[in-house]
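The structure appears right after this line, and notes come after that.
The values are calculated or read from the model by the stated rules, or taken from the named source; none is laboratory data. Treat the numbers as computed from the prediction; the structure is a model and nothing was measured. Neighbour counts run over all protein chains shown; Cβ positions are idealised from the backbone, glycine included. Calculation scope for accessible area: heavy atoms of the full protein, side chains included, ligands and nucleic acids excluded. Shrake-Rupley method; radii C 1.70, N 1.55, O 1.52, S 1.80 Å.
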Amino acid sequence: MGTLRDLQYALQEKIEELRQRDALIDELELELDQKDELIQKLQNELDKYRSVIRPATQQAQQQSAGTLQGEQRTKRQAISAEPTAFDIQDLSHVTLPFYPKSPQSKELIKEAILDNDFMKNLELSQIQEIVDCMYPVEYGKDSCIIKEGDVGSLVYVMEDGKVEVTKEGVKLCTMGPGKVFGELAILYNCTRTATVKSKIIFGF
């Protein structure tokens, strides 16, 4: 009887061990599924960003030239840049506009981009290109900087002041210094998704 009990006990231990292994396998399979989802999501994001950094070099140059020739600014207006969607392969053949700025302004623009969910995954060299292309602008109080539904050609980084963001007349939020806005229309080649009005604003 002792031997039979020993066998029964050993069998129960093996059954419990198998159950634990099955549970572990289930956990590992769930973790694997989650990682597969994450990989797919990251791949989709990567594809999105690749589509952003695609040929618009000529458009960027033309709009930059047009801005410099046709825009006589009597006062500074908010940090903005021409669309920087270009093919990385073309960078060696293209001279992008460069606007001198203080180290503090450069750092502010860089930190704002790195804090933006849609732009933070750009390569540092691409972020540097954007920083170099941005130039100072200024808006008075209650100025309409971006109008919902318009075609967008500028992205802004706020240096000082506040802006109010609305969609279909409903207030979404108020943004302060060090924030990027207007990037969606540039990144995804769509019309402006919201209206942005200045409360008190100075920037690039």
Order 16-25, 189-198 from most to least packed using the mean count of other Cβ atoms within 10 Å.
189-198, 16-25
Between Gly161 and residues 5 or more places away or on another chain, the pairs with built amide H atoms under 5 Å apart involve Phe202
Which of the pairs Lys14/Lys41; Lys106/Lys147; Lys106/Lys141; Lys41/Lys147; Lys110/Lys141; Lys41/Lys179 have their Cα atoms more than 29 Å apart in this structure?
Lys14/Lys41; Lys41/Lys147
Quick one: length gained pulling Gln20 to Leu7 fully straight, 0.36 nm per residue minus the C-alpha distance?
2.7 nm
Pseudo-spin-label distance Glu148 to Thr166, built 7 Å along Cα→Cβ, given in nm, is 0.9
Got a number for carbon plus sulfur as a percent of region 90-200's accessible area, 1.4 Å probe?
51
Order these peptides, 132-141, 166-175, by their mean beta-carbon neighbour count within 10 angstrom, highest first.
132-141, 166-175
Between region 4-40 and region 158-201, what is the separation of their alpha carbon centroids in Å?
52
With 10 Å bins from 0: P(r) over region 90-200, alpha-carbon pairs, percent:
14, 44, 35, 7, 1
The ³J(HN,Hα) series, computed from each phi in region 99-115 with the Karplus coefficients 6.51, -1.76 and 1.60 at θ = phi - 60°, rounded to the nearest Hz and given as x for glycine or proline, is 10, x, 7, 6, x, 5, 5, 4, 5, 4, 5, 4, 5, 5, 5, 5, 8
Of 109-119, 4-14, ordering from highest average Cβ density within 10 Å down gives 109-119, 4-14
